[in-house]
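The values are calculated or read from the model by the stated rules, or taken from the named source; none is laboratory data. Keep in mind that this is a model prediction, so the values were computed, not measured. Virtual Cβ from ideal backbone geometry, glycine too; neighbours counted across all protein chains shown. What goes into the accessible areas is simple: the full protein's heavy atoms, side chains included, and nothing from ligands, DNA or RNA. Shrake-Rupley method; radii C 1.70, N 1.55, O 1.52, S 1.80 Å.
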Amino acid sequence: MTIPGKEDLIEIYRRRAKNYDITANLYYLIGFREWAYRKEAVNALNLGLGDTVVEIGCGTGLNFGLLQSYIGPEGKIIGVDLTDSMITQANKRIQENGWSNVELILCDAAKYKFPDSVDGILSTFAITLIPEYDEIVKNGSHALATGKRFVILDFKMPSNWLSYLAPLAVLITRPFGVSIEMASRHPWESIDKYLKDIRISELYGGFAYIAVGQQRK
């Protein structure tokens with residue numbers, strides 16, 4: 001399977017939008033603790049009450065509740081996603097929870113203009129799908145306020161013997177647009193390039209990771 005283009009990704013996620021939350025939770029069947037990893041990634045942002053956070057590839061808004069618990073109603077979430085159907089599902093989540101502090105933006109993340117002095121940038125299981133991931137991290141790093149963090153949670157190719165299981169891992173994640181060719185994309189290296197106080201943790205035997213970088217202007 002070749003790397004899907006942006007139009008391909010839009011169609012993939014349009015088809016999956018309504019049932020995305022259910023299918024994402026199926027990873028638990030193979031021992032992948034997705035929700036625990038999401039909590040760990042959000043916690044790594046070190047957000048506080050009243051903060052503004054941008055989520056790249058927000059999807060259906062699975063992380064919004066976690067983010068709300070840190071920033072409170074006086075804070076703000078800006079969710080950016082490429083797919084209209086995912087934005088529609090995210091908006092339903094917002095309405096159901098009565099959140100008035102979430103702004104949704106239908107946009108190619110590579111073309112998104114970050115607001116100045118944001119307090120955190122998050123991407124979970126999304127940025128590896130974007131060819132211009134390096135540009136996104138660069139632009140995001142310039143937008144972060146001093147001492148604030150950019151956090152990525154995503155899949156990767158393990159560097160140990162488990163790499164032999166990569167074809168199986170790709171088979172499982174293929175419905176979400178993942179391909180083995182994406183192994184050449186290393187967003188954590190962009191975190192290391194543009195930010196400081198880098199912390200990278202491997203998860204699930206090296207098939208996933210959390211990368212954290214802090215802005216020090």
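Could you give every pair whose Cβ atoms fall below 9 Å, whose first residue belongs to segment 33-45 and is within 18 Å of V118 (Cβ to Cβ) and free of Cβ contacts under 8 Å to residues at least 60 places away in the same chain, and whose second residue is part of a helix (DSSP H, G or I) and open to solvent by 10 Å² or more (accessible area, probe 1.4 Å), counting only separations of at least 6 or pairs across chains?
Filtered contacts from segment 33-45: N43/L66; N43/Y70.
For segment 131-144, indicate whether the set of residues that are farther than 22 Å from K217 by Cα, within 15 Å of the chain's Cα centre (by Cα) and either surrounded by fewer than 21 Cβ atoms within 10 Å (Cβ to Cβ) or at pLDDT 95 or above (or both) is non-empty. I'd like the intermediate steps shown before the answer.
Kept after step one, since they are farther than 22 Å from K217 by Cα, are these residues of segment 131-144: 131-132.
Checking which are within 15 Å of the chain's Cα centre (by Cα) leaves us with 131-132.
Still in the list and also either surrounded by fewer than 21 Cβ atoms within 10 Å (Cβ to Cβ) or at pLDDT 95 or above (or both): 131-132.
Yes, segment 131-144 contains a residue that is farther than 22 Å from K217 by Cα, within 15 Å of the chain's Cα centre (by Cα) and either surrounded by fewer than 21 Cβ atoms within 10 Å (Cβ to Cβ) or at pLDDT 95 or above (or both).
So which residues in segment 80-119 are part of a helix (DSSP H, G or I), charged (D, E, K, R) and either farther than 23 Å from Q215 by Cβ or over 17 Å from the mean Cα position of the chain (by Cα) (or both)?
Initially, segment 80-119 is screened for residues part of a helix (DSSP H, G or I), giving 84-97, 109-111.
Now narrow it down to the ones that are charged (D, E, K, R): 84, 92-93, 96, 111.
Selection gives D84, K92, R93, E96.
Which of the following residues is open to solvent by less than 60 Å² (accessible area, probe 1.4 Å) and either within 23 Å of I191 (Cβ to Cβ) or touching a residue at least 12 places away in the same chain (Cβ under 8 Å) (or both): L106, L82, L49?
Values: L106 fails: open to solvent by less than 60 Å² (accessible area, probe 1.4 Å); L49 fails: open to solvent by less than 60 Å² (accessible area, probe 1.4 Å).
Checking each option against the conditions leaves just L82.
Can you find a residue in segment 84-93 that is closer than 15 Å to V53 by Cα and of a type in the set (A, V, I, L, M, F, W, C)?
Residues of segment 84-93 closer than 15 Å to V53 by Cα: none.
So far as segment 84-93 goes, no, none of its residues is closer than 15 Å to V53 by Cα and of a type in the set (A, V, I, L, M, F, W, C).
Out of N97, N91, report the one residue that is of a type outside the set (A, V, I, L, M), open to solvent by 30 Å² or more (accessible area, probe 1.4 Å) and touching a helix residue (DSSP H, G or I) at 6+ places or on another chain (Cβ under 9 Å).
On the way: N91 fails: touching a helix residue (DSSP H, G or I) at 6+ places or on another chain (Cβ under 9 Å).
So the residue among N97, N91 that is of a type outside the set (A, V, I, L, M), open to solvent by 30 Å² or more (accessible area, probe 1.4 Å) and touching a helix residue (DSSP H, G or I) at 6+ places or on another chain (Cβ under 9 Å) is N97.
In segment 109-118, which residues are touching a strand residue (DSSP E or B) at 6+ places or on another chain (Cβ under 7 Å) and surrounded by 13 or more Cβ atoms within 10 Å (Cβ to Cβ)?
Once the filter is applied, which keeps residues that are touching a strand residue (DSSP E or B) at 6+ places or on another chain (Cβ under 7 Å) and surrounded by 13 or more Cβ atoms within 10 Å (Cβ to Cβ), segment 109-118 yields A109, Y112, F114, V118.
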